[in-house]
Amino acid sequence: MNVIAALWLRQLKRYARSKARVIGALGQPLLFLLGLGFGLGPIFQKAGQGNYIQFLAPGIVAMTVLFTSVFSGIELIWDRQFGFLKETLVAPVSRLTIMLGRVLGGATVAVLQGLVVIVVSYAAGFRIVDWTGVPLALLFMALMAILFTSMGTAIASMLTDFQGFQLIMNFLVMPLFFLSGALFPLRDLPPALNVVVRFNPLSYGVDGLRGALTGVAFFNPALDITVLIAVAALLLFLGGYLFSRIQL
């Protein structure tokens, strides 16, 4: 437990020291909120779907959690190249414990980034419909963060260079985001797209977060939570296995 806490605190200290990282992480969410939110807002409203900012903001929060979580895997490659990982792995604890500490640290940073984007979304016109849903929203953010931090760790465990990680992550992350329902309603989709969306774990995170913050959801909240927990557990197991096989 001491090792997990130490690695968790190390991730938070890295986050707190990097003001550029905090500010830079807001660039893409702001672009989507302002560009799409106000650009497509009138069209969305004319289609009878209501306020697009209100619909879009939970998806942008989920996007922030996704990107921050997955790209936390770069820190594993960084530590591997500069020797810190070797110092950590020689500690008299299991590699699974070390991996859990890294995942929890990365997930906490992702949730904090998501909270920052919620504040920014408020400035853009987003409003939480029912504040009693905030704890449930935090649960969805935490589950998404653990799920995708585990994914990033699993992939980073198999790679040794930054370029390879970035290429693979862009190949995975962008489809996950664009096919999650973050930018468009899930009702009346073409059959093929409907199947893809239902097999995308981020779809359930976006839907659960949107339901908790705005009261509008497509799936059942219990289904959203169940899918996220199941996939997060699977990726934690896979990430732990791959992390345990790292060769230094």
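Some points to look at:
- Taking residues in segment 129-152 that are within 30 Å of Ser244 (Cα to Cα), and partners anywhere that are of a type in the set (S, T, N, Q) and not in a helix (DSSP H, G or I), the pairs with Cβ atoms closer than 8 Å and at least 6 places apart or on different chains are Thr149/Ser72; Gly152/Ser72.
- Hits in segment 237-248 (condition: surrounded by 21 or more Cβ atoms within 10 Å (Cβ to Cβ) and touching a Leu at 6+ places or on another chain (Cβ under 8 Å)): Gly240, Phe243
- Residue check for Leu138: more than 21 Å from Leu223 (Cα to Cα), in contact with a helix residue (DSSP H, G or I) (Cβ under 9 Å, 6 or more places away or on another chain) and in a helix (DSSP H, G or I): no
- Residue selected from segment 137-180 under the condition modelled with pLDDT of 90 or more and small (Gly, Ala, Ser), by the criterion surrounded by the fewest Cβ atoms within 10 Å (Cβ to Cβ): Ala142
- Boolean, Lys19 is surrounded by fewer than 12 Cβ atoms within 10 Å (Cβ to Cβ), under 17 Å from Ala107 (Cα atoms) and modelled with pLDDT under 70: no
- Per-region count, segment 58-74, residues under 24 Å from Gly101 (Cβ atoms) and either without any contact (Cβ under 8 Å) to a residue 40 or more places away in the chain or part of a helix (DSSP H, G or I) (or both): 9
- Restricted to segment 199-225, and to residues there that are polar (S, T, N, Q) and more than 18 Å from Ala57 (Cα to Cα), the residue that is modelled with the highest pLDDT is Asn200.
- Search result, residues across segment 193-234 that are in contact with a Ser or Thr (Cβ under 7 Å, 6 or more places away or on another chain) and crowded, with 21+ Cβ neighbours inside 10 Å: Leu202, Ser203, Val206, Ala232
- Hits in segment 214-235 (condition: under 17 Å from the mean Cα position of the chain (by Cα) and touching a residue at least 60 places away in the same chain (Cβ under 8 Å)): Asp224, Ile225, Leu228, Ile229, Val231, Ala232, Leu235
- Cβ-Cβ contacts under 7 Å between residues 6 or more apart (or on different chains), taken from a first residue in segment 96-108 that is within 20 Å of Thr64 (Cβ to Cβ) to a second residue that is of a type in the set (D, E, K, R) and assigned to a helix (DSSP H, G or I), are listed as Gly105/Arg10.
- Only one of the listed residues (Phe171, Phe165) is touching a residue at least 40 places away in the same chain (Cβ under 8 Å), over 19 Å from Val206 (Cα atoms) and among the aromatic types (Phe, Trp, Tyr). That residue is Phe165.
The values are calculated or read from the model by the stated rules, or taken from the named source; none is laboratory data. For clarity, every value in this text was computed on a predicted model and none was experimentally measured. Cβ atoms come from the backbone with ideal geometry, glycine included; neighbour counts cover every protein chain shown.
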